[in-house]
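A.B. asks: Submitted below is the structure of interest, expressed as structure tokens.
The values are calculated or read from the model by the stated rules, or taken from the named source; none is laboratory data. All values reported here derive from a predicted model rather than from experimental measurement. As a convention, Cβ positions derive from the backbone with ideal geometry for all residues, glycine included, and neighbour counts pool all protein chains shown. The protein model used for the area step is the full one, side chains on, heavy atoms only, and it has no ligands, DNA or RNA in it. Shrake-Rupley method; radii C 1.70, N 1.55, O 1.52, S 1.80 Å.
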Amino acid sequence: MDEVEQNAASSGYGGRFFCCAKSKSTLRGENMNLHVRVLKYRPWGVALLALLLLTAAGCGGKAPSETNQTTDAADKPLTDVKVVLDWTPNTNHTGLYVARDKGFFEKHGLKVEIVSPPETGADPLIASGGAEFGVSYQESITQARVEKAPIVSIAAIIQHNTSGFASPAEKSITSPKDFEGKRYGGWGNPVEEAVIASLMQGEGAEVSKVDFVNGTGDFFTSVKRDIDFAWIFYAWTGVEAELRNEPINMMYVNQYSDSLDYYTPVLATSEKLIAENPELVSAFLAAATEGYQFAIDNPQEAAEVLIAAEPDLNAELVRASQEWLQTRYQDDAPRWGEQKLEVWENYMKWMLDHQLLSGEIEADKAFTNAFLPQ
């Protein structure tokens, strides 16, 4: 853990949806359950103040700096930029690796370092300026901004929510009503029960009849031993199930409510960087857009870039996942990364209705499309 990460961790700055970091050795072959990125809720208020004081004192990270390296195209110094991931490397991140390793960032004057998140998650590092950019989620940014955290979404990596509840096909869980009498594997976060309850209520079922089992791990091991269903990202765990030839039933949450079709994951930065260095934000996003567009147009070549950069990953899974995501990065949006105000407002309202937020946010300030290439 470097100095920046130590500052973020020591501040206690965290939120209920933040992903926790795991070592490469524990996650290279592990499925990506949605609930593994949920941490116990820690209030943002006091922690945010502490971290911002650290940042103001020069201890919360460094401002973008210029290196002595130069681009091939022109004798101009590159600007150092740190990008913190939300989780271990996977196909949600392919566009960033492509932009780095295909020279797109360098073309835009940037020297980008991609780093793993500290245990407090990516968002605290982004908001504090410890990393100029990072991978986050609409869920966590919404929660963070209620507590006045200065973090902003600047692009949707995937246009629609590809997460949902999965179970082995032989368990015959084909609708939320079938959750009754079953064991759900999660991490005890209030949003999990709220989403499950919302889906079940729509079919006249009772969430009190679900057995919530907290602290489960690998999906494929857990559903054979401890649980009946879990919340996953299909692009990783669902695709892995296909490769394993282990059929699953999948219930995407956005099929049951438009309010749950939120952006997950997103690219994010801080309000401070937007205000003080908008040119840097534009340059970063121009290169990232090129990277994700490359992944859309050339999924197999993009997969090989990620595999070469992170050789411990399951190469077969990366290639298959990349193909699955190819049409889903942009989907029906007019351009990759575009976000809609109504998506942010709808999810905030859903969270308020389910008593998951302590107050409203100004949804139009939680995200911006201003830095996306036209």
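A.B. asks: Output the peptides 322-328, 349-355, 164-170 sorted from most to least packed, where packing is the average of other Cβ atoms within 10 Å over each peptide's residues.
C.D. replies: Answer by packing, highest mean first, reads 164-170, 322-328, 349-355.
A.B. asks: On to the next question. Determine the per residue accessible area of segment 264-303 with all protein chains present and a 1.4 angstrom probe, expressed in square angstrom.
C.D. replies: I get 33 Å² per residue for segment 264-303.
A.B. asks: From the backbone phi of segment 297-308, what are the Karplus-calculated ³J(HN,Hα) couplings (6.51 cos²θ - 1.76 cosθ + 1.60, θ = phi - 60°) in whole Hz, Gly and Pro given as x?
C.D. replies: 7, 9, x, 6, 5, 5, 4, 5, 4, 5, 4, 5
A.B. asks: As I understand it, the dipole of segment 176-224 uses +1 on the Cβ of Lys and Arg and -1 on the Cβ of Asp and Glu, about the Cα centre. Which of Ile196, Gly215, Pro176 lies farthest toward its positive end?
C.D. replies: Toward the positive end, the furthest listed residue is Gly215.
A.B. asks: Out of Gly359, Ala315, Ala275, whose Cα points farthest toward the positive end of the dipole of segment 239-374 (charges: +1 Lys, Arg; -1 Asp, Glu; placed on Cβ)?
C.D. replies: It is Gly359, whose Cα lies furthest towards the positive end.
A.B. asks: If you don't mind, there's one more thing I want to ask. Rounded to a whole number, what % of the accessible area of segment 152-293 do carbon and sulfur atoms account for, probe 1.4 Å?
C.D. replies: C and S fraction of accessible area: 46 percent.
A.B. asks: Now for a separate question. If the reach is capped at under 19 angstrom between alpha carbons, list the aspartates and glutamates near Lys209, excluding any in the same chain fewer than eight residues apart.
C.D. replies: Cα-Cα hits under 19 Å: Asp178, Glu180, Glu192, Glu193, Asp226, Asp228.
A.B. asks: Which of the peptides 244-251, 264-271 is most tightly packed, and how do the rest follow, going by the mean number of other Cβ atoms within 10 Å of each residue?
C.D. replies: Most protected by this proxy first, the peptides run 264-271, 244-251.
A.B. asks: Further, regarding this structure: Relative to the Cα centre, what is the charge dipole magnitude of segment 163-281, using +1 at the beta carbon of each Lys and Arg, -1 at the beta carbon of each Asp and Glu, and rounding to the nearest 20 debye?
C.D. replies: My answer is approximately 340 debye.
A.B. asks: Among rounded, prolate and oblate, which fits segment 224-323 when a ≥ b ≥ c are the square roots of the eigenvalues of its C-alpha gyration tensor, a/c under 1.5 means rounded, and a/b larger than b/c means prolate?
C.D. replies: It comes out oblate by the Cα gyration axes.
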